[in-house]
Amino acid sequence: MTASTSKQTAPYGLWPSPISASMVAAGATPLSQVALDGADAYWLESRASEGGRNTLLRQRGADVAEMTPAPFNVRSRVHEYGGGACLVADGVIYFSHALDNRLYVASGEEEPAPLTAGGTLRHADFVLDAQRARLIAVREDHTQDDAHPVNTICAVRLDGGEMVLAAGHDFYAAPRLSPDGASLAWLSWDHPRMPWQGAELWVAAIAPDGTLANPTLVAGGPQESICQPEWSPAGVLHFVSDRNGWWNLYRLAAGVLQPLCERAAEFAAPHWAFGGSMYAFCSEHEIICTYIENGVSRLARLDTDSGKLDPIPNPYREIRDLRVCGGVLALLGGAPTIALELARIDLYTGQHEILARSIAELPPPGYLSVPESISYPSSGNALAHAFYYPPCNAGFEAPAASKPPLMVISHGGPTGMATNTLKLAIQYWTSRGFAVLDVNYRGSSGFGRAYRDALKGQWGVLDVDDCVAGARHLAARALVDPERMVIRGGSAGGLTTLCALTFHDVFKAGASYYGVSDLQGLDADSHKFESHYNEYLIAPALDAQRLYLERSPINHAARLKRPMIFFQGLDDKVVPPQQSEVMVKALRASGVPVAYMTFEGEGHGFRKAETIIRTLEAELYFYLRIFGQAGPESNPPVTIDNLPATA
């Protein structure tokens, strides 16, 4: 009997699947901030089962130990998105604890001891200045104004006390100490720019009293984005710049800026969070780097003298962080059949070892959809990019001639990027008979500055066009049911979702996760890091009012006739709850079917297992009710206002 004839028949969307919402939540173990300290490897693991608590793990030999047991939560809230929350140097751990914003130090088996007072002072992106017995870090001071704190680079003495080293700019990142301890490099930028629009690279000498002397601008400016400054072992400053339209590697040699490998590829990613690394030194003349071409990551050795790139064999198509120490490479990588994992690779022998997996146990391969990378025409004769996932279930097939429902995903940011790494949150849908289109609309990173800048002044227009065009493209290819297409998105992707449903008649329904509905309200409520982002995405403040009115879905609720479900964390400081609440209220008043679910203790991005489970099951229940289908009885019902009794 063949596999196809052994399958049972059931409508698309109703296939029983072993990939439950509980499995998705259990597999939601984000890994981040890789570190190598001698022969030891360290990484952060976020545990949904513990309310999203981040803990630092160490592998030493064959043993894995938790270095920051509960209640410690290794997380920084600088810029709200955090990152760069810990540092390991010579066996000593320095980290930020999210519950009190204090920095702690732990050595060996000792209980972590506080270094700072915490409270209104937040720290991130640490480097150890061993000569002067201090940490150098980015500091965010909320003492005077929680909405507009003061950002600086500071030094935290290991015996207590702090001093400001660099101030005067709106934002700072990436303080990096030269190998001889004599110089410090760092990044800064100012409103209204985001760091991927324009940032500056500075270098200063460290004076005998520990202050900075003679700060010098090395590169960057309003139209040049600088990322990840690093010193080579001999003290030559390297960095990534997009001055040629792509984030490429450069160095400052004898006062002259030199490109190392000019290529239509991205050797960096947008600075949403601190501490990321896409290249590291193997020796003075060799860099191990990852770069993105057409939305897919590559891994290579770069000869800094010749500029030659030699590929390093590996199974990954997304590499988001890497570190090198003593001929060993550690990285976070994933692929269409590989969930994000931490790997250690011997650069001499090629030996490959998995240290940690974001998903402990994968479902059988017969339930995993492998995406196809597609490009398709969109508005203005532009080409948009996406990953298309067909339905996949080893046990079920749909009736002949039927077509699957389509879920279009609009990622957040909007300067973000969809990747093809295996995600159970997508397989949850494809294994039930949904097709999924994960869109890298114009404005996404990974395709060069011109593609990223295409969204300038066009947020809520071109991103929406690309999602709509993708859905129509699949319908035209007869791959999906044009009457059962839905769209979902979180944060900035929530605005894309709402605009697609409000201004286009393509999608049957949608889901907004902590999404933006009111651009003017977003300006009023946003945190400092993104408080001027709309001046780039929409228009400068003086010219924005008309466009805000035109593009904010809340101002056009009468045009929104498609059912929607909203999910919102009540502790969200990035997109506050009122952004969802005003839209829900308007839809209730206009008679459109709408559901609204809120979650205590959740911020921008859900971390708790129970929240992940509830939202997935609720979203599936919602779509099936809108489609007129009866979903699994195990899924708890959702209150849907204005839904006709026959639906």
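The values are calculated or read from the model by the stated rules, or taken from the named source; none is laboratory data. Nothing here was measured: the structure is a model prediction, and the numbers come from that model. Cβ coordinates were reconstructed from backbone atoms using ideal geometry, including for glycine residues, and neighbour counts include every protein chain displayed. Surface areas here come from the heavy atoms of the whole protein model, side chains and all, with no ligands, DNA or RNA. Shrake-Rupley method; radii C 1.70, N 1.55, O 1.52, S 1.80 Å.
Checking the conditions here, which among SER512, SER431, SER410, SER445 is out of contact with any Lys or Arg (no Cβ under 8 Å at 6 or more places or on another chain) and among the polar types (S, T, N, Q)?
Values: SER512 fails: out of contact with any Lys or Arg (no Cβ under 8 Å at 6 or more places or on another chain); SER410 fails: out of contact with any Lys or Arg (no Cβ under 8 Å at 6 or more places or on another chain); SER445 fails: out of contact with any Lys or Arg (no Cβ under 8 Å at 6 or more places or on another chain).
The unique qualifying residue is SER431.
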Does ARG484 satisfy being of a type in the set (D, E, K, R), crowded, with 24+ Cβ neighbours inside 10 Å and touching a residue at least 40 places away in the same chain (Cβ under 8 Å)? no
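Just to check your reading of the model, which residue among LEU587, LEU522, LEU547 is open to solvent by 10 Å² or more (accessible area, probe 1.4 Å) and either among the small types (Gly, Ala, Ser) or over 25 Å from the mean Cα position of the chain (by Cα) (or both)? Can you show your working first?
Numbers: LEU587 fails: open to solvent by 10 Å² or more (accessible area, probe 1.4 Å); LEU522 fails: either among the small types (Gly, Ala, Ser) or over 25 Å from the mean Cα position of the chain (by Cα) (or both).
Exactly one residue qualifies, and that residue is LEU547.
I need a count of the residues in the stretch 21-44 that are surrounded by fewer than 19 Cβ atoms within 10 Å (Cβ to Cβ) and either over 13 Å from ALA330 (Cβ atoms) or touching a helix residue (DSSP H, G or I) at 6+ places or on another chain (Cβ under 8 Å) (or both). Walk me through it before giving the result.
If we filter the stretch 21-44 for residues that are surrounded by fewer than 19 Cβ atoms within 10 Å (Cβ to Cβ), which is where we start, we get 22, 26, 29-30, 37-40.
Those still in the list that are either over 13 Å from ALA330 (Cβ atoms) or touching a helix residue (DSSP H, G or I) at 6+ places or on another chain (Cβ under 8 Å) (or both) too: 22, 26, 29-30.
Adding up the residues that qualify gives 4.
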Unmet requirement for ASP453, which otherwise passes all of (1) crowded, with 23+ Cβ neighbours inside 10 Å; (2) within 20 Å of the chain's Cα centre (by Cα): (1)
Within the bounds of the stretch 80-103, is there any residue that is within 16 Å of ASP141 (Cα to Cα), part of a loop (DSSP other than H, G, I, E, B) and touching a helix residue (DSSP H, G or I) at 6+ places or on another chain (Cβ under 8 Å)? yes
Working only within the stretch 162-192, note down all residues that are of a type in the set (Asp, Glu) and surrounded by 15 or more Cβ atoms within 10 Å (Cβ to Cβ). GLU162, ASP170
Per the list (1) at pLDDT 95 or above; (2) under 22 Å from GLU266 (Cβ atoms); (3) part of a loop (DSSP other than H, G, I, E, B), residue check on GLY412 breaks on (1)
Can you find, within the stretch 600-633, the residue that is nearest to SER580 (Cα to Cα) among those that are part of a helix (DSSP H, G or I), open to solvent by 20 Å² or more (accessible area, probe 1.4 Å) and of a type in the set (D, E, K, R)? ARG614
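Every residue, every condition in (1) of a type in the set (Lys, Arg); (2) at pLDDT 95 or above; (3) on the phi > 0 side of the Ramachandran plot; (4) open to solvent by 20 Å² or more (accessible area, probe 1.4 Å), yes or no:
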position: GLU262; (1), (2), (3), (4): no, yes, no, yes
position: PHE274; (1), (2), (3), (4): no, yes, no, no
position: LEU302; (1), (2), (3), (4): no, yes, no, no
position: ASP310; (1), (2), (3), (4): no, yes, no, yes
position: GLY327; (1), (2), (3), (4): no, no, yes, no
Give me a count of the residues in the stretch 135-161 that are in contact with a strand residue (DSSP E or B) (Cβ under 8 Å, 6 or more places away or on another chain) and open to solvent by less than 60 Å² (accessible area, probe 1.4 Å). 15
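Would you check if SER445 is in contact (Cβ under 8 Å) with a residue 40 or more places away in the chain, among the hydroxyl-bearing types (Ser, Thr, Tyr), farther than 30 Å from GLU617 by Cβ and open to solvent by 20 Å² or more (accessible area, probe 1.4 Å)? Give the derivation first.
Values: in contact (Cβ under 8 Å) with a residue 40 or more places away in the chain: yes; among the hydroxyl-bearing types (Ser, Thr, Tyr): yes; farther than 30 Å from GLU617 by Cβ: yes; open to solvent by 20 Å² or more (accessible area, probe 1.4 Å): no.
No, not satisfied.
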Looking only at the stretch 361-385, and only at residues there that are touching a Ser or Thr at 6+ places or on another chain (Cβ under 8 Å) and aliphatic (A, V, I, L, M), the one that is least open to solvent (accessible area, probe 1.4 Å): ALA384
Exactly one of PHE529, PHE567 is of a type outside the set (S, T, N, Q), within 21 Å of the chain's Cα centre (by Cα) and either in a strand (DSSP E or B) or more than 30 Å from GLY198 (Cβ to Cβ) (or both), and that one is PHE567
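Do you know which of the residues in the stretch 130-148 that are in a strand (DSSP E or B) and not charged (D, E, K, R) is nearest to TYR81 (Cα to Cα)? Steps first, answer last, please.
Of the stretch 130-148, the ones in a strand (DSSP E or B) are 134-141.
Filter once more, keeping what is not charged (D, E, K, R): 135-138.
Working: LEU135: 21, ILE136: 20, ALA137: 16, VAL138: 14 Å.
Taking the candidates together, the pick is VAL138.
Would you pick out the residues in the stretch 65-86 that are in contact (Cβ under 8 Å) with a residue 24 or more places away in the chain and at negative phi? Give the derivation first.
Step one: of the stretch 65-86, the residues in contact (Cβ under 8 Å) with a residue 24 or more places away in the chain are 67-68, 71-74, 76-86.
Scanning the stretch 65-86 gives MET67, THR68, PRO71, PHE72, ASN73, VAL74, SER76, ARG77, VAL78, TYR81, ALA85, CYS86.
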Condition met for ILE359 (touching a residue at least 24 places away in the same chain (Cβ under 8 Å), part of a loop (DSSP other than H, G, I, E, B), under 30 Å from THR55 (Cβ atoms) and under 22 Å from the mean Cα position of the chain (by Cα)): yes
When residues of the stretch 334-347 are filtered for being free of Cβ contacts under 8 Å to residues at least 60 places away in the same chain and either of a type in the set (Lys, Arg) or surrounded by 19 or more Cβ atoms within 10 Å (Cβ to Cβ) (or both), how many remain? 2
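With the structure loaded, tell me whether THR497 is assigned to a helix (DSSP H, G or I), open to solvent by less than 10 Å² (accessible area, probe 1.4 Å), over 18 Å from THR415 (Cα atoms) and in contact (Cβ under 8 Å) with a residue 24 or more places away in the chain or whether it fails that test.
Numbers: assigned to a helix (DSSP H, G or I): yes; open to solvent by less than 10 Å² (accessible area, probe 1.4 Å): yes; over 18 Å from THR415 (Cα atoms): no; in contact (Cβ under 8 Å) with a residue 24 or more places away in the chain: yes.
No.
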